[in-house]
Amino acid sequence: MNPYHKTTGIITKVRSYGEANKHLTIYTKAYGKIHAVAKGAKKMKSRFGSTVELFTETKLFLYKQMHADLYLLTQSQIATHFKNISKDVKKYTYASAVSDFMNTFVPFGEKSHSLYELFSHTLHKLDTQDHEDKIFSMFMVKFLTQVGFRIALDSCTSCGSDLKQNQRMSVSPKHGGVVCEECASGVSTVEVYNNTLKLMDYLHRKTFETLPNITIGNQSHMEIEKVVEHFLEYNFELKLKSLKVMESIKSYGE
C-alpha cells in the first residue's frame, strides 16, 4: 500500500505538539477528517508557513504508515486563504462555530464530498459576505440534513400520519423530525413555529447565492439553533460550546 497521499483539506483545529511541531485536525476531500503532524511548523522559518493556520484550505502532501493513527505532513500549498475571516472578530467567531460542528459531530475517516463542499462553501461566504447570521443558519440546516435530520412538513416522522398545520409544531430529536400530537406525547420535543420549519425546508433546498434575498428574523434564527442543538445533543450525546458563544456576539457591530 502506497504510504504517500495527496489531497486538499481545511484546517479545523491546531494545537502544539512538542516544542516545534503542530498537531492538526483537517477535514479532507479524499479521506474525511484526519489527524496530521506538521514537524517544525512552529519555527519562525518553517516551510509550512500559513498553510497550516486555522481555516486555511490547503493542498496536502501526506505520509502515513500502515496502522498508524497520525498522518505526517511533508509538503503543503495554500489552496484558499480566507483573509477576511482572520481579520474580523465576527467572521472569525462564526467560522469557529462552523469548525466546531465539524470537529464535534463528524467522525474520523469517513469522507463525504457533499459535506466537504458545504464546509468549504460556508467559509467562502463568511469570508466574502456580511450577512454572517444568515450564512450560519443555512449551514446549520444543511449540516443537520447531512447527519440524518428529516425536514418533512406534511407527515409525522414517527408514524407517517398527516400533520395538522398548527401555528406551533413539535420537533422530536429522538425521531429526527416533526411529529404529530400523538407521537409527541411522552417524548422530549422542541416547540417551534410552523413558519420556522417552512424556512428550514426552504434553506435546505436553496443555495448560498440566494441568501441576500432571504429574510430571517431573530425568532427564526433562535428556533433553528434550538432545533439543531437539541437534535445533535440527543443523537450524539455531545454539546456544542460554540452555540453558547454565538449568543454573546449576536449584537456585535450593531
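Here are a few things to note about the model shown:
- The residue that is modelled with the lowest pLDDT, among those in segment 31-88 that are of a type in the set (Lys, Arg) and part of a loop (DSSP other than H, G, I, E, B), is Lys45.
- The set of residues in segment 150-163 that are surrounded by 10 or more Cβ atoms within 10 Å (Cβ to Cβ) and part of a loop (DSSP other than H, G, I, E, B) comprises Arg150, Ile151, Ala152, Leu153, Cys156, Thr157, Ser158, Cys159, Gly160, Ser161, Leu163.
- Look at (1) modelled with pLDDT under 90; (2) over 17 Å from Glu229 (Cα atoms); (3) part of a helix (DSSP H, G or I); (4) of a type outside the set (Lys, Arg) and you find that Asp127 fails only one, number (1).
- With respect to (1) in contact with a helix residue (DSSP H, G or I) (Cβ under 7 Å, 6 or more places away or on another chain); (2) hydrophobic (A, V, I, L, M, F, W, C); (3) farther than 28 Å from Tyr234 by Cα; (4) surrounded by 15 or more Cβ atoms within 10 Å (Cβ to Cβ), the lone exception for Ala95 is condition (3).
- Screening Leu232 with (1) farther than 23 Å from Ser114 by Cα; (2) among the hydrophobic types (A, V, I, L, M, F, W, C); (3) at pLDDT below 90 gives one miss only, at (1).
- Checked against the criterion of being of a type in the set (S, T, N, Q) and in contact with a Leu (Cβ under 7 Å, 6 or more places away or on another chain), the candidates Gln146, Gln129, Gln167 yield just one match: Gln146.
- Of the residues in segment 19-34, at least one is crowded, with 16+ Cβ neighbours inside 10 Å and over 30 Å from Asn235 (Cα atoms).
- Test for Ala79: is it small (Gly, Ala, Ser), over 24 Å from Leu243 (Cβ atoms) and not assigned by TED's automatic domain parsing to the domain that holds Ser242: yes
- Residue in segment 157-170 that is closer than 25 Å to Lys111 by Cα and of a type in the set (A, V, I, L, M, F, W, C) present: no
The values are calculated or read from the model by the stated rules, or taken from the named source; none is laboratory data. Model, not experiment: these values are computed from the prediction. Note that we place each Cβ from the backbone using ideal geometry, even for glycine, and neighbour counts take in every protein chain shown.
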